[in-house]
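Enquirer: Supplied in structure tokens, the structure appears directly below.
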Amino acid sequence: MINKVRNICCIGAGYVGGPTMAVFADKCPNLNIFVVDKNKQRVDAWNSEDLTKLPIFERGLDKLISKRRGKNLHFSDNFKKYISEADMIFISVNTPTKTKGLGAGKASDLKWVEASSREIAEYAQGETIVVEKSTLPVKTAQTIKSILDESQSINKDKKFTVLSNPEFLAEGSAIADLEFPDRVLIGGDNLDSINALVNIYLNWIPKDKIITTDLWSSELSKLTANAFLAQRISSINSISALCERTGANIKDVSLAIGTDKRIGKEFLNAGPGFGGSCFKKDILNLVYIYDYYGLHHEAKYWEKVVEINDWQKKRISNLIIEKLFGTVSGKKIAILGFSFKANTNDTRESPAISICKELINEGGNLFVYDPKVSHEQIRIDLNLPEARQEQDLNEGSWSYATSISEAIKSSDAIVIITEWEEFKYLNWKEIKSKMRNPSWIFDTRSIINICEAEKYGLKVWSVGKGSQNISNF
Ligand code: UDX
Ligand code: ADP
């Protein structure tokens with residue numbers, strides 16, 4: 001079996017593959033790493049001289065790319081060559097929720113994983129360790145294995161082992177998460193292959209942080225970790241609604257419960273609902289698996305986490321409409337933040353999408369500003385062309401704003417959806433002078449200084465902040 005890995009190929013140059021391989025290349029200068037993607041445009045962007053054109057925005061990523069690219073880190077669309085030369089191949093392709101067919105709306109669509117497995121089966125040479133990195137439903141390794149076993153049985157020169165090595169990085173802090181992970185999880189049934197991957201990680205991760213398990217437990221752990229994190233957010237969001245009704249403050253409640261070390265303080269920020277490519281998809285995968293095994297009560301338990309998340313978004317758009325006298329028709333609303341969280345340009349499952357769609361459906365004219373999300377991405381997500389001229393501002397439209405001041409000018413309301421740093425310390429005096437009366441701020445992240453905004457006559461709704469005037473029941 002392979003005891004020295006030299007050449008690595010990573011299939012998929014996305015949010016997982018790109019940053020992960022950049023850190024691998026930096027920490028292991030002796031490895032040659034080739035990241036391949038079928039999307040030529042994406043590969044070109046990774047190879048762009050201008051580092052602001054990288055397809056992904058992550059703090060510190062540009063530095064790593066400029067340090068390692070062309071040395072031991074390469075981006076290419078030539079699968080055949082780099083798969084055939086690799087000792088170890090990572091599969092980091094996308095696995096969205098199926099939109100049609102069996103398991104639609106719940107199960108992951110594995111067509112890209114299957115396609116990558118077939119590419120590996122066809123082009124790999126000799127002994128190859130295949131590592132699944134994408135977030136995948138339990139037992140996907142089995143699918144990969146079956147495809148590879150078949151090719152192995154036809155061509156005796158090919159030998160494959162499959163490992164699961166789920167990625168726990170969070171977008172926005174991907175590089176730090178990869179450099180200093182809480183743990184590295186490796187699942188597999190071939191000790192030599194497990195050790196080959198452990199040896200790579202040992203270049204920068206202490207041994208006691210590397211957990212090895214069987215394939216299935218590793219895959220299930222990834223889904224469970226995301227489900228638990230998402231469950232915390234739905235729990236705190238459900239308490240935020242109660243705070244608003246009864247006059248409590250969610251920030252105080254989060255602080256108070258978070259100091260209990262059994263609960264812990266992370267992931268207790270109430271907000272507009274969780275987004276991102278993983279949480280919803282992973283819970284729906286769990287639900288699908290439970291249902292498959294006839295565990296319908298357990299499936300319902302997890303399904304509720306997603307339902308509460310959807311409700312939080314709907315609850316927020318409803319209350320915006322209610323507070324603006326029951327209608328947003330023809331009103332100008334500034335949307336601050338479109339990415340699913342701060343420090344990323346990713347909009348997948350962003351709560352901004354559904355909140356904006358609801359407000360547009362109700363006739364609002366939205367002016368959307370986000371420091372990192374492109375104009376084109378917002379158009380795709382809202383599935384609506386932009387209103388470019390004043391005369392295009394029909395009831396129910398959106399326009400792209402290049403600055404906060406452009407977004408808020410003559411607006412009736414500001415809705416803060418992403419917790420970008422630049423939205424935390426706004427000049428409320430100046431803002432008030434540019435808005436129409438009454439001027440509303442809807443702070444779905446609870447990041448602004450409410451007293452300061454109210455001092456200048458703004459009306460503020462902040463998630464989970466009940467009014468002290470509410471009489472107790
Ligand atoms: C998540 C997991 O954290 C990561 O381990 C896994 O590999 C991929 O999925 P990510 O989706 O990048 O990472 O972001 P995360 O920081 O977990 O946030 C997910 C969503 O929850 C965001 O929309 C965020 O705004 C929201 N969130 C997070 C809250 O609303 N409140 C919190 O307290 C924390
Ligand atoms: P993730 O967040 O899981 O990294 P992304 O969508 O950001 O997901 O990236 C996945 C990448 O995988 C995309 O750039 C896509 O073009 C690429 N990809 C999908 N299927 C294949 C395949 N069979 N071969 C090569 N690349 C693929």
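The values are calculated or read from the model by the stated rules, or taken from the named source; none is laboratory data. Since this is a predicted model, take the numbers as computed values, not measurements. Reconstructed Cβ throughout: ideal geometry from the backbone, glycine too, with neighbour counts over all protein chains shown.
Enquirer: Go through the stretch 362-396 and give me each residue that's modelled with pLDDT of 95 or more, surrounded by fewer than 23 Cβ atoms within 10 Å (Cβ to Cβ) and more than 29 Å from PRO55 (Cβ to Cβ).
Expert: GLU362, GLY363
Enquirer: Quick one: PHE75 ticks every box in (1) within 11 Å of ligand 2 (Cβ to nearest atom); (2) in a helix (DSSP H, G or I); (3) surrounded by 23 or more Cβ atoms within 10 Å (Cβ to Cβ) bar one, so which box is it?
Expert: PHE75 satisfies all of (1) within 11 Å of ligand 2 (Cβ to nearest atom); (2) in a helix (DSSP H, G or I); (3) surrounded by 23 or more Cβ atoms within 10 Å (Cβ to Cβ) except (2).
To keep it simple, each residue is scored yes or no on (1) assigned to a loop (DSSP other than H, G, I, E, B); (2) surrounded by 15 or more Cβ atoms within 10 Å (Cβ to Cβ); (3) in contact with a helix residue (DSSP H, G or I) (Cβ under 7 Å, 6 or more places away or on another chain).
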{"residue": "ALA13", "(1), (2), (3)": "yes, yes, yes"}
{"residue": "PRO19", "(1), (2), (3)": "no, yes, yes"}
{"residue": "ALA22", "(1), (2), (3)": "no, yes, yes"}
{"residue": "ALA25", "(1), (2), (3)": "no, yes, yes"}
{"residue": "ASN30", "(1), (2), (3)": "yes, no, no"}
{"residue": "PHE34", "(1), (2), (3)": "no, yes, yes"}
{"residue": "ILE56", "(1), (2), (3)": "yes, yes, yes"}
{"residue": "ILE65", "(1), (2), (3)": "no, yes, yes"}
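Enquirer: Check SER66, SER48, SER76, SER84 and return the single one that is away from ligand 1 (no atom under 16 Å from the Cβ), assigned by TED's automatic domain parsing to the domain that holds TRP204 and under 27 Å from ILE194 (Cβ atoms).
Expert: So the residue among SER66, SER48, SER76, SER84 that is away from ligand 1 (no atom under 16 Å from the Cβ), assigned by TED's automatic domain parsing to the domain that holds TRP204 and under 27 Å from ILE194 (Cβ atoms) is SER84.
Enquirer: Going by the structure shown, is SER433 in the same structural domain as GLY330 (by TED's automatic domain parsing), exposed (fewer than 13 other Cβ atoms within 10 Å of the Cβ), at pLDDT 95 or above and outside any loop (DSSP other than H, G, I, E, B)?
Expert: For SER433, the condition - in the same structural domain as GLY330 (by TED's automatic domain parsing), exposed (fewer than 13 other Cβ atoms within 10 Å of the Cβ), at pLDDT 95 or above and outside any loop (DSSP other than H, G, I, E, B) - is met.
Enquirer: With the condition kept exactly as written, say whether any residue in the stretch 197-216 is within 14 Å of ligand 1 (Cβ to nearest atom) and either buried (at least 19 other Cβ atoms within 10 Å of the Cβ) or within 21 Å of ILE283 (Cβ to Cβ) (or both).
Expert: No, the stretch 197-216 has no match at all.
Enquirer: A further question follows. Can you name the residue in the stretch 91-112 that is of a type in the set (A, V, I, L, M, F, W, C) and within 11 Å of ligand 2 (Cβ to nearest atom) and is also nearest to the chain's Cα centre (by Cα) among such residues?
Expert: VAL93
Enquirer: Considering ILE257, ILE308, ILE316, which residue is in the same structural domain as THR444 (by TED's automatic domain parsing), out of contact with any Gly (no Cβ under 7 Å at 6 or more places or on another chain), β-branched (Val, Ile, Thr) and without any contact (Cβ under 8 Å) to a residue 12 or more places away in the chain?
Expert: That would be ILE257, the only listed residue that is in the same structural domain as THR444 (by TED's automatic domain parsing), out of contact with any Gly (no Cβ under 7 Å at 6 or more places or on another chain), β-branched (Val, Ile, Thr) and without any contact (Cβ under 8 Å) to a residue 12 or more places away in the chain.
Enquirer: Next question, about the same structure. Looking only at the stretch 289-343, which residues are within 20 Å of the chain's Cα centre (by Cα), of a type in the set (Gly, Ala, Ser) and surrounded by fewer than 21 Cβ atoms within 10 Å (Cβ to Cβ)?
Expert: Listed by number, the list holds a single entry, ALA342.
Enquirer: A further question follows. Within the stretch 420-431, is even one residue polar (S, T, N, Q) and either touching a residue at least 12 places away in the same chain (Cβ under 8 Å) or under 20 Å from SER329 (Cβ atoms) (or both)?
Expert: no
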